[in-house]
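**Q** Structure incoming, see below.
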Amino acid sequence: MSSVVDVRRDGDIAVVTIDNPPVNALGHAVRSGLHAAMRELRDDASVKAVVLAGAGRTFPAGADITEFGNPLQPPGLGEVIEQIEAMPKPVIAALHGTPLGGGFELALGCHWRVAAKGTRPGLPEVKLGILPGAGGTQRLPRLIGPVEALPIIVGGEPIPAERALQLGAIDEIAEGDVIEAAIAFARRVLAEKRPIVRVSEREDKIAAARADRSAFEAAAAEATARTRGLEAPVACAKAVGFAIDLPFAEGLKREHALFLDLVKSDQSKAQRHLFFAEREAAKVADMPKDTKPRPVVRAAVIGAGTMGGGISMCFANAGIPVTIVDATEEALQRGLGTIEKNYGISVSRGRMSADDLTARMGLISGTTDMTAVADADIIIEAVFEEMEVKRDIFGRLDRIAKPSAVLATNTSYLDVNEIARATGRPGSVLGMHFFSPANVMKLLEIVRGKATEPEVLATAIDVARKLKKVPVVVGVCFGFVGNRMLRARSLESERLLLEGASPAQVDRALTDFGFPMGPFAMIDLAGLDIGWRIRKAMGPTADGGPAPIADQLCEMGRFGQKTGRGFYIYEKGARGGTPDPEVAALIERTAADMGIVRREISDEEIVERLIYPMISEGAKILDEGIAQRPGDIDIVWVNGYGFPVRLGGPMHWADTVGLAHIRDRLRHWAQFNPALQPAPLLERLADEGRGFASLRTGRDKAA
Ligand code: 3HC
């Protein structure tokens, strides 16, 4: 008997349970255990039907991703699934939790599927840069139709059990215990002498697409319209096409060949790296294992501005009541009005019901009385970036908040330790840096102060998960991980203008690289005045400065999109900006005044001079222990700043390019700007022929 596959009897029904915590991934031991169990059950005449289930929290959530880098040990998952499908007696899958990827493919190989309430099956392989490689692209279209299967396979989102039932992907939703329900189902099948249904033999659902491919083609074009250079979604659609065009066995072969190509690709390696990095980023190496988060039942947010409003929406969306405090009734009402308007947009777009809007607004209360936060378990300050204002608020919170409350600041740059010192309980203080719009953006930098207690840190991480954010624990420095690296990029982007590039060329080079927006379009959107004010308050080197062009634009009242002019001109109603000759002239004049001779700049130079300094800054961040691992930096940049997923984040991409090359190029560019000298850690790793990944302390997964 295998240690990860258990077989028990319920009369003449055998119940096979996969028990491989935490998610019953279908690694080698499970595959061989299943293979052996099925062979035995096939030959055992006393067994009339088989129920296949998962122990613990879920039916298998997929193949074991950690095995992907290595040669596959037989039996392969496809082989096990074919063996199950070929069983001469009924096999019923008892699904619960998240039957994903190979787990769902396993269920598709069974003859019927019964699911517990709340089950969310799906084929998320595309998010790992691969496709369902154990028959999923061939069986799901045969079971529910290719047009219906396409978005599930190309999009990768799991579907609720009710939808799966509607589509015919499952046969029943169990009221009570799913294994009991599957056993009862098996008995019914036997009593009614129902013929076994092998999905691979079904043709009915693909017949229409075989006769006329147009609906499928249209659906495929729509599903792959915005793939941002990712290969996997296109391959997924292609594989579903095989189900229409080819006999099952041939389609299976072609699917497998595509799978093998993708699994070896840099894109899939990058996406698998991000999968594990995201899970590691919230782990704190030196936090005692038994640290428990404090319960959070009520929250409070100080400041009803854009950030405060967005953060409050996150709490309401998670069902946590939240009190917003602002200094004036007017600001408060404006903030509450904006929240209601934002929810209203979701309702009008059909993303939310009117009842949901009422329920969420019911969780949000507003006041100008700070003492109202006395019973909050977590208080997040989101007022403007001025140390004295923040210190004053934290001093007041110290007097009002209950002793167990977590006190967080949503600062983007300021010293969390100094803010903490404004209280008599610095151990309860940390940073929770949300990204704008806070109710949409996934990233949350959790800034650990010198004194932050482990329990407080654990509570912030737990809250982040409840708010469906991707938390990354970082240390205190100017700009933390994300904005500190952005600063390295901003500094260089202004220099490129002076040396000969135009804003449009710089932006295009970065969108070609894969960013959704270039630096100048981004600053026009965010508002040039924010950085300008910081530079004026803190000296020209703050916030990406010196920025002579941005400063002059601000002096001309050109704050970006909101004033209709910034680095670009924005005509009313137009989505993007158009280049402005006035800005071009300003750049030329400034360069001449500074004695810079402008020259032709290539797109390649732009990419090197904008991204490599960020990588070098990332190396400093690692050296200083501000980020625990290179993967944490990747998660920050992919989730907060639109670094292309297919490249796996700046540090992973740096390893792909080669650190020696990056070091050499930075040395070269340092002739123009001495600040571009490579960081000592980058130098050292390059000299030793190593990559950033070699710094990882945990399992060297998914390499
Ligand atoms: N392989 C290996 N490890 C896995 C895994 C998998 N398929 N899925 C999850 N894990 C690990 C995680 O890395 C994590 O490990 P850690 O505790 O050491 O950090 C642990 O299991 C728990 O995972 P989560 O923290 O993500 O737990 P959640 O409860 O938040 O989420 C989940 C559970 C929804 C199942 C989520 O883990 C998930 O989405 N997993 C990946 C699902 C997936 O992509 N499946 C397809 C795999 S590829 C495939 O099947 C190919 C086939 O077509 C041939």
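**Q** So for segment 555-703, taking the charge dipole from beta-carbon charges (+1 Lys/Arg, -1 Asp/Glu), which of PRO650, SER602, GLN677 sits furthest toward the positive end?
**A** PRO650
**Q** Calculated FRET efficiency, GLU330 and ASN417, Cβ-Cβ r, R0 51 Å, to nearest 0.05?
**A** E between GLU330 and ASN417, to the nearest 0.05, is 0.90.
**Q** With +1 on each Lys and Arg Cβ and -1 on each Asp and Glu Cβ, and nothing else charged, work out how big the dipole of segment 5-266 is about its Cα centre, in Debye to the nearest 20.
**A** Its charge dipole is roughly 200 debye.
**Q** Taking the Cα centre of segment 192-334 as origin, work out the dipole magnitude from +1 charges on Lys and Arg Cβ and -1 charges on Asp and Glu Cβ, in debye rounded to 20.
**A** My answer is approximately 480 debye.
**Q** Cα centroid distance between segment 171-241 and segment 571-615, in Å?
**A** 51 Å
**Q** Would you list which lysines come within 18 Å of LYS562, measuring only between C-alpha atoms, while excluding same-chain residues fewer than 8 positions from it?
**A** Answer for LYS562, where 18 Å is the Cα cut-off: LYS572, listed by chain and number.
**Q** Of all DSSP beta bridges in the chain, what percent run antiparallel (nearest 5)?
**A** DSSP beta bridges in the chain are roughly 25 percent antiparallel.
**Q** Next question. Which value in Å is the Kirkwood Rh of the chain over different Cα pairs?
**A** It is 28.0 Å.
**Q** Next question, about the same structure. Express the relative contact order of segment 102-194 as a whole percentage, based on alpha carbon pairs under 8 Å and six or more residues apart in sequence.
**A** Normalised by residue count, the contact order of segment 102-194 is 36 percent.
**Q** Compute the distance in nm between two label points, each set 7 Å from the Cα along the Cα-to-Cβ direction, one at ARG57 and one at GLN671.
**A** 5.5 nm
**Q** Sort CYS477, CYS110 so that the residue with the fewest other Cβ atoms within 10 Å of its own Cβ comes first and the one with the most comes last.
**A** CYS477, CYS110
**Q** Quick one: which residues, 5+ away or cross-chain, put their amide H under 5 Å from the amide H of ALA93? H built at 1.01 Å from N.
**A** HN-HN under 5 Å from ALA93: LEU52, HIS111, TRP112, ARG113, VAL114.
**Q** What list do you get for GLU203, GLU67 if you sort them by fewest beta carbons within 10 Å?
**A** GLU203, GLU67
**Q** Hey, quick one: spin label on THR368, modelled 7 Å out along Cα-Cβ, who in segment 306-350 has an amide N within reach, i.e. under 11 Å?
**A** Under cut-off, by backbone N: 326-333.
**Q** Round to the nearest 0.05 the FRET efficiency obtained for GLU386 and THR578 when R0 = 35 Å and r is the Cβ-Cβ distance.
**A** Calculated value: 0.50.
**Q** Related question: For THR459, what charge total do you get from the other residues with a beta carbon under 10 Å from its beta carbon, if Lys and Arg give +1 and Asp and Glu give -1?
**A** -2
**Q** Percent relative contact order of the chain, based on C-alpha pairs within less than 8 angstrom and at least six residues apart?
**A** 10 percent
**Q** Further question on the same structure: Using the crude model of +1 on Lys and Arg Cβ and -1 on Asp and Glu Cβ, and no other charge, please compute the dipole size for the chain relative to its Cα centre, in debye to 20.
**A** 780 debye
**Q** What is the fewest-to-most order of LEU128, LEU123, LEU357, LEU622 by other Cβ atoms lying within 10 Å of their Cβ?
**A** Ascending Cβ contact count within 10 Å gives the list LEU357, LEU622, LEU128, LEU123.
**Q** So what's the back-of-envelope 222 nm ellipticity for the chain, counting only DSSP H runs of four-plus at -39500 (n - 2.57) apiece and dividing by all residues, rounded to 500?
**A** After summing the helix terms and dividing by the residues of the chain, the value is -15000 deg cm²/dmol.
**Q** Here's a follow-up. Would you work out which of ALA464, PHE185, MET313 lies farthest towards the positive end of the dipole of the chain? Charges go on Cβ: Lys and Arg +1, Asp and Glu -1.
**A** Value computed over the given set: PHE185.
**Q** At what distance in angstrom do the alpha carbon centres of segment 1-67 and segment 304-366 lie from each other?
**A** Here the answer is 47 Å between Cα centres.
**Q** Distance in nm between label sites at ARG349 and ARG690, each 7 Å beyond Cα in the beta-carbon direction?
**A** 4.5 nm
**Q** Next question. For ASP356 and LEU260, what is the calculated FRET efficiency with R₀ set at 51 Å and r taken between the beta-carbons, to the nearest 0.05?
**A** 0.70
**Q** Counting only residues 5 or more places away or on other chains, whose amide H sits under 5 Å from the amide H of ASN20 once H atoms are built in the peptide plane?
**A** Placed amide hydrogens put ALA55 under 5 Å from ASN20.
**Q** Between ALA36 and ASP204, what is the label-to-label distance in nm when each label sits 7 Å out along the Cα-to-Cβ direction?
**A** 3.9 nm
**Q** Report, in order of residue number, the helices in the chain meeting two criteria: a C-alpha extent of 27 Å or more along the helix axis, and a mean Kyte-Doolittle hydropathy of at least -0.5; treat each whole DSSP H run as one helix.
**A** Those that clear 27 Å and a mean of -0.5 are 329-348, 603-623.
**Q** Give the long-range amide H neighbours of ILE324: residues separated by 5 or more places, or on another chain, with amide H under 5 Å away, using H modelled in the peptide plane at 1.01 Å from N.
**A** Result for ILE324 returns VAL301, SER365, GLY366, THR367.
**Q** Straight-line reach from LYS238: which lysines fall under 20 Å, measuring Cα to Cα and dropping same-chain residues less than 8 apart?
**A** Here the lysines satisfying the reach criterion relative to LYS238 are LYS127, LYS205, LYS253, LYS264.
Read the figures in this text as sums done on the coordinates, not as results from a lab. None of these values were measured; they are calculated from a predicted model. No Cβ is skipped: glycine too gets one built from the backbone with ideal geometry, and neighbour counts run over all protein chains shown.
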